[in-house]
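> Mind looking over this structure? Questions follow.
Nothing in this text is a laboratory measurement; each read-out follows from the coordinates by a stated rule. Predicted model only: the values in this text are computed from it and were never measured. Cβ atoms come from the backbone with ideal geometry, glycine included; neighbour counts cover every protein chain shown.
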Amino acid sequence: MNQTAELSWRSGQVPVSERFDDPYFSLENGLAETTYVFLDGNDLPARFRDGFHIAELGFGTGLNLLATLKLWRDSGQQGCLHFTSFEAFPMDAEAMLKAQAAFPELADIREELAPHWLSGATAIKTESLSFNLILGDARKTVSNMAQKSDAWFLDGFSPAKNPELWEQSLLAQVAAQTAPKGTAATYTAAGFVRRSLEAGGFTVQRRQGYGRKRHMTVARMPA
Ligand SMILES: C[S@@+](CC[C@H](N)C(=O)[O-])C[C@H]1O[C@@H](n2cnc3c(N)ncnc32)[C@H](O)[C@@H]1O
C-alpha cells in the first residue's frame, strides 16, 4: 500500500510536505524554476523528437509534467511525449489541482488532465502524451523501467531532508536507465550527488542556479 502525502499550505498556494518538511516547489516562482532547472537544464525543447522520453524522480503536484507538455506544444513538436514519473507518497487529486492552480499559464493543460487525476489514473495516453506514474519507493522501481530515458528530472526534496532519493545506488540505477547522449538535471549542486552521477558514467557540470541558489547540476551520457 502506498502512503499518501501529508500537506500544509504556505501562502494558501504552495504545498509543503509535513513528512519531509519541505515545499514542493519554489515559493517565489515554481514555474520559472522548473523551466530554468529541468527544461533548460536538459536542453529542451531543442532535443525534443517524437517519442522523446523524460523520467522524473518525485511526481509531487505534477507541475513539471504540465510545464513540459506546454513546452512540447508551444515548440510545435509533433508526435508523442513519453513521461514516466516515480512517486512514493502521491498527493490526492484535489491537492494537485489546487497547487497547479497557482500557475495561470498552465490552466488549459491543468483542465485537460484534471479528469485523469480525479479518476485516480496512473497512466494517460493521448495523441501527444504517454504518461506513467510509477507508485512506490523509487529505489525499488527505477530499475524496472521499460524504456531508457532521454532526460531525467531529479526532483526529490532537498538532499538533507530526503536523502533516500539521492542515494548513490539509486543514482546508479538512473544512470543505467539513461539512453546514450541522455541527460539529467537537478537544482542541487551537492558534491555527493555530482560524484554519484559521475560514478554512473555521466559527465557532470555545475551551472549557475536559479534565483538565489548559487549552483545547480547538469549531466550528460556519452554517445
Ligand atoms: C520536490 S517534490 C517533487 C515536485 C514535483 N516534481 C512537482 O512537479 O510538483 C519531491 C517528491 O519526491 C517524492 N519522494 C520522496 N521520497 C521518495 C522515494 N523514496 N521514492 C519516490 N518518491 C519519493 C515526494 O513524495 C515528493 O512528491
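> Of (1) within 13 Å of the ligand (Cβ to nearest atom); (2) part of a strand (DSSP E or B), Asn64 satisfies all except one. Which?
(2)
> For the stretch 83-90, does any single residue satisfy the condition of being of a type outside the set (D, E, K, R) and touching a Lys or Arg at 6+ places or on another chain (Cβ under 8 Å)? Explain how you work it out, then say what you get.
Residues of the stretch 83-90 of a type outside the set (D, E, K, R): 83-86, 88-90.
Then keep just the ones that are touching a Lys or Arg at 6+ places or on another chain (Cβ under 8 Å); that gives 89.
Checked against the condition, which is being of a type outside the set (D, E, K, R) and touching a Lys or Arg at 6+ places or on another chain (Cβ under 8 Å), the stretch 83-90 yields at least one hit.
> Could you please tell me which pairs satisfy a Cβ distance under 6 Å, a separation of 6+ or placement on different chains, a first residue in the stretch 18-30 that is in contact (Cβ under 8 Å) with a residue 12 or more places away in the chain and under 16 Å from Ala88 (Cβ atoms), and a second residue that is outside any loop (DSSP other than H, G, I, E, B) and within 10 Å of the ligand (Cβ to nearest atom)?
Tyr24/Pro15
> Got at least one residue in the stretch 68-84 being of a type in the set (S, T, N, Q), in contact with a Gly (Cβ under 9 Å, 6 or more places away or on another chain) and crowded, with 19+ Cβ neighbours inside 10 Å? So that I can check it myself, show each step before the final result.
First, the residues of the stretch 68-84 that are of a type in the set (S, T, N, Q): 68, 75, 77-78, 84.
Now narrow it down to the ones that are in contact with a Gly (Cβ under 9 Å, 6 or more places away or on another chain): none.
Among the residues of the stretch 68-84, not one is of a type in the set (S, T, N, Q), in contact with a Gly (Cβ under 9 Å, 6 or more places away or on another chain) and crowded, with 19+ Cβ neighbours inside 10 Å, which makes the answer no.
> Could you check the stretch 126-155 and list, in sequence order, the residues that are more than 15 Å from Ala219 (Cβ to Cβ), in contact with a Leu (Cβ under 7 Å, 6 or more places away or on another chain) and within 11 Å of the ligand (Cβ to nearest atom)?
Listed by number, the residues that qualify are Ala138, Arg139, Val142.
> Has the stretch 132-146 got any residue that is in contact with a Gly (Cβ under 9 Å, 6 or more places away or on another chain), surrounded by fewer than 16 Cβ atoms within 10 Å (Cβ to Cβ) and either touching a residue at least 24 places away in the same chain (Cβ under 8 Å) or under 13 Å from Phe83 (Cα atoms) (or both)?
The answer is no; no qualifying residue exists.
> For Met91, indicate whether it is near the ligand (Cβ under 10 Å from one of its atoms), more than 14 Å from the chain's Cα centre (by Cα) and part of a helix (DSSP H, G or I). Reasoning before the result, please.
Values: near the ligand (Cβ under 10 Å from one of its atoms): yes; more than 14 Å from the chain's Cα centre (by Cα): yes; part of a helix (DSSP H, G or I): no.
The answer is no for Met91.
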